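The structure under discussion appears below in the form of structure tokens.
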Amino acid sequence: MARRSNTNKNIQAKLVLLGDMGTGKTSLVLRFVKGQFSDYQESTIGAAFFTQVLSLNEATIKFDIWDTAGQERYHSLAPMYYRGAAAAIVVYDITSSESFERAKKWVQELQRRGNLNLITFLVANKVDLEEKREVGKEEGELYAKENGFSFLETSAKTAQNVNELFYEIAKKLAKAAPSQTTGMKLHIRQQESGRRFFCCS
Ligand SMILES: Nc1nc2c(ncn2[C@@H]2O[C@H](COP(=O)(O)OP(=O)(O)OP(=O)(O)O)[C@@H](O)[C@H]2O)c(=O)[nH]1
Ligand SMILES: [Mg+2]
């Protein structure tokens, strides 16, 4: 019989999506948050903000999602969005080698300037367009492995691996969070009641 856990953690985590324009960052987020997809998704201006709550057995994760704009002219804004982030998703499009090269640049930038404990996924999107594939799965997988990132191939269009992606991140966040409980069993005097585990360190 399932026992109700009294060690449930409430975790609020900042998540950022980075990657070339048109790779499907907004589409992945909209698939996850709203269960929707549009063939005519507009290019993001600056950045867009979304929230979504995901419940696991061991924790409830509230994602604060920053969906950045891939157009080069917005590049200088990116640090604002990945600073203090607990997790990052670097997206490329399997039909564009150029977007894979751009993803590698993001990986390097995160390694130079991102949080050391950042949970990072390299995501190869648009796997529904297999006939137009320019970047092999092994290529992406290998690059992710070499850099200590997790890797997934997704399709925002068919929803393949999209929920899995966010669940994987949630599980890693739950694992990384201190085991001390918050939220569920708080004492009024406890000073850290409003603290975000992943903010601003
Ligand atoms: N076939 C297919 N098309 C996709 C997929 N994901 C996104 N698209 C399409 O690709 C185009 C770009 O998607 P966006 O989600 O706007 O890409 P983005 O990375 O947010 O782009 P920027 O906001 O400019 O950085 C849109 O026309 C989407 O419909 C996918 O998995 N499969
Ligand atoms: Mg976008």
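For the chain, a crude dipole built from +1 on the beta carbon of Lys and Arg and -1 on the beta carbon of Asp and Glu, taken about the Cα centre, is about 1280 debye to the nearest 20.
Close amide-amide hydrogen proximity is noted between Ile119 and Ala87, Ala88, each under 5 Å apart and 5 or more residues distant or on a separate chain (H modeled in the peptide plane; Pro and chain starts excluded). Charges were assigned to the Cβ only: +1 to each Lys and Arg, -1 to each Asp and Glu. The resulting dipole of region 1-70 about its Cα centre is roughly 500 debye. From least to most packed, judged by other beta carbons within 10 angstrom and beginning with the fewest, Trp66, Trp106 follow the order Trp66, Trp106.
Model label points for Arg113 and Glu168, set 7 angstrom from Cα along the Cα-to-Cβ axis, are 2.6 nm apart.
Among complete DSSP H helices in the chain, those whose alpha-carbon atoms stretch at least 15 Å along the helix's long axis and whose mean Kyte-Doolittle hydropathy reaches -1.0 are 162-176. Relative to one another, the C-alpha centroids of region 42-58 and region 15-36 are positioned 8 Å apart.
Counted over the chain, the DSSP beta bridges are approximately 25% antiparallel.
Among the listed pairs Lys105/Lys145; Lys9/Lys171; Lys126/Lys157; Lys104/Lys157; Lys14/Lys62, those with a Cα-Cα distance over 18 Å are Lys104/Lys157.
Whole-Hz Karplus values for region 124-129 come out as 9, 9, 6, 5, 5, 9 Hz, taken residue by residue from phi with 6.51 cos²θ - 1.76 cosθ + 1.60 and θ = phi - 60°; glycine and proline positions read x.
Per DSSP H run of at least 4 residues, take -39500 (n - 2.57); add these up for the chain, divide by its residues and hand me the 222 nm value, nearest 500 deg cm²/dmol. If you can, show how the numbers build up before the last one.
On the way: 5 runs with 57 residues, N = 201.
Helix-only estimate at 222 nm: -8500 deg cm²/dmol.
In plain terms, the C-alpha convex hull of the chain casts an average shadow of 12.6 nm² when viewed from every direction.
Annotation: amide H-H contacts under 5 Å for Thr60 (H modelled 1.01 Å from N, sequence separation of 5 or more, or interchain): Lys9, Asn10, Ile11. Put in order of Cβ neighbour count within 10 Å, fewest first, the listed residues Ile89, Ile65 become Ile65, Ile89. Residues Tyr82, Tyr74, ranked from the fewest to the most other C-beta atoms within 10 Å, line up as Tyr74, Tyr82.
The eigenvalues of the Cα gyration tensor, multiplied by 5 and square-rooted, give region 58-131 an equivalent ellipsoid with semi-axes of 22, 17, 12 Å from largest to smallest.
Each residue of region 69-82 was assigned a 3J(HN,Hα) from its phi angle through the Karplus curve 6.51 cos²θ - 1.76 cosθ + 1.60 (θ = phi - 60°); the sequence is 8, x, 4, 3, 5, 9, 3, 5, 7, 3, x, 4, 8, 8 Hz, with glycine and proline shown as x.
Computed from the coordinates by the stated procedures, all read-outs in this text should not be read as laboratory data. On a predicted model such as this, the values are computed, not experimentally measured, just so you know. Heads up, the Cβs are rebuilt from the backbone with ideal geometry, glycines too, and the neighbour counts pull from every protein chain shown.
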